[in-house]
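Note sheet for the following structure.
The values are calculated or read from the model by the stated rules, or taken from the named source; none is laboratory data. None of the values given here were measured: they were computed from a predicted structure. Heads up, the Cβs are rebuilt from the backbone with ideal geometry, glycines too, and the neighbour counts pull from every protein chain shown.
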Amino acid sequence: MKSLKQSALVLAIAGLPLSGYAELKPLHDADMGQITGQAGVTIELETQVTMDEFTYTDEGTLGISDIFIGGADRIDMFEEFTSGRDAIFGTSSTDLIDNIKIELDVADDGDAIINVFPITARPVDFAVRTGAWELRGNGGESTLLADNFSAEGLILQAQATVDTDTDTLNLTTRFAIDELELDVPFMAVGIRDMRITGAGYDPDNPSLLPLFTLVDMDIYKDANAAGTDSLAIDINTFEADMSIGQVLVGGTSIGSVGLDDLAIRNTSMRVYGH
């Protein structure tokens with residue numbers, strides 16, 4: 001039986017066209033050194049997420065309703081960009097988060113590296129919206145904390161790295177918010193036309209890279225003040241300019257607010273149950 005299989009294999013090879021052999025070339029040692037047999041994984045993504053309600057329950061409950069995460073479906077963000085606008089932001093948009101490429105690699109030292117960036121040379125537009133944020137007691141009590149949250153903006157890049165030497169997840173991203181709005185009914189406060197851009201960004205002389213806010217943080221396990229394990233979050237860098245077009249109190253605008261070159265660094269949090 002073994003002889004029969006070998007004969008069949010020889011006949012199959014002999015039946016290949018000679019042109020097939022003409023393409024076969026020997027590999028030298030130098031060429032072999034370039035072949036690792038390994039490659040990362042690339043994912044091209046488009047998506048939209050909706051949720052009727054998210055709840056967190058302790059003794060009472062916090063509920064967030066009508067959650068939407070998707071594309072902004074806008075091409076008019078950051079209107080101060082006039083020169084070459086179509087090339088920078090594109091000429092169409094949808095309610096999907098799209099134009100995203102995700103690359104996953106495991107380095108030689110075991111570190112996991114995830115890079116997220118646009119497929120084409122333009123930022124990724126996104127929108128996050130929710131309905132009511134409500135506190136609920138078991139006896140029917142409730143407080144409407146927030147409502148009508150909406151944030152629309154652009155993402156230029158994001159990276160997540162798990163370092164096997166330190167067991168630390170590092171997250172970095174560059175994003176910009178063109179419009180953020182929010183109502184806080186139990187305080188009779190509203191926020192309109194809030195913008196978040198990179199520190200030092202000049203809307204009178206717009207440039208793409210300075211538009212984006214840099215966020216760099218580490219997440220890992222560490223002891224809290226009592227010496228027990230907790231979730232550690234260190235904000236290494238957050239640098240931004242912020243502006244609020246209108247602050248509403250009782251439905252009436254009391255003016256605007258601006259924060260120039262806001263920098264948050266060397267900030268540590270330890271999160272744990274009690």
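Which pairs do you get when a residue that is within 12 Å of residue 62 (Cβ to Cβ) and among the basic types (Lys, Arg), found in the stretch 130-156, comes within reach of a residue that is modelled with pLDDT of 95 or more and not in a strand (DSSP E or B), reach meaning Cβ atoms under 9 angstrom, with the pair 6+ apart or on two chains? Listed by first residue and then by second, the contacts come to 136/60. Remark: pairs (first residue in the stretch 230-253, closer than 30 Å to residue 274 by Cβ; second residue of a type in the set (A, V, I, L, M, F, W, C) and not in a strand (DSSP E or B); Cβ separation under 9 Å; 6+ apart in sequence or on different chains) are absent. Residue 108 fulfils the conditions (1) surrounded by fewer than 11 Cβ atoms within 10 Å (Cβ to Cβ); (2) of a type outside the set (Ser, Thr, Tyr); (3) in contact with a helix residue (DSSP H, G or I) (Cβ under 9 Å, 6 or more places away or on another chain) except for a single criterion, (3).
For first residues located in the stretch 75-89 and at negative phi, partners that are polar (S, T, N, Q) and exposed (fewer than 10 other Cβ atoms within 10 Å of the Cβ) and lie 6+ apart or on another chain with Cβ distances below 7 Å form the pairs 75/91; 75/92. Answer yes or no: is there a residue in the stretch 48-61 that is exposed (fewer than 15 other Cβ atoms within 10 Å of the Cβ), within 15 Å of the chain's Cα centre (by Cα), modelled with pLDDT of 95 or more and on the phi < 0 side of the Ramachandran plot. Within the stretch 48-61, one or more residues are exposed (fewer than 15 other Cβ atoms within 10 Å of the Cβ), within 15 Å of the chain's Cα centre (by Cα), modelled with pLDDT of 95 or more and on the phi < 0 side of the Ramachandran plot.
Which ranges mark the strands (runs of 3 or more DSSP E) fully within the stretch 156-274 that have 2 or more residues being small (Gly, Ala, Ser) and either in contact with a helix residue (DSSP H, G or I) (Cβ under 7 Å, 6 or more places away or on another chain) or on the phi > 0 side of the Ramachandran plot (or both)?
On the way: elements: 168-184, 189-197, 213-223, 229-249, 257-271.
So the answer is none; nothing clears 2.
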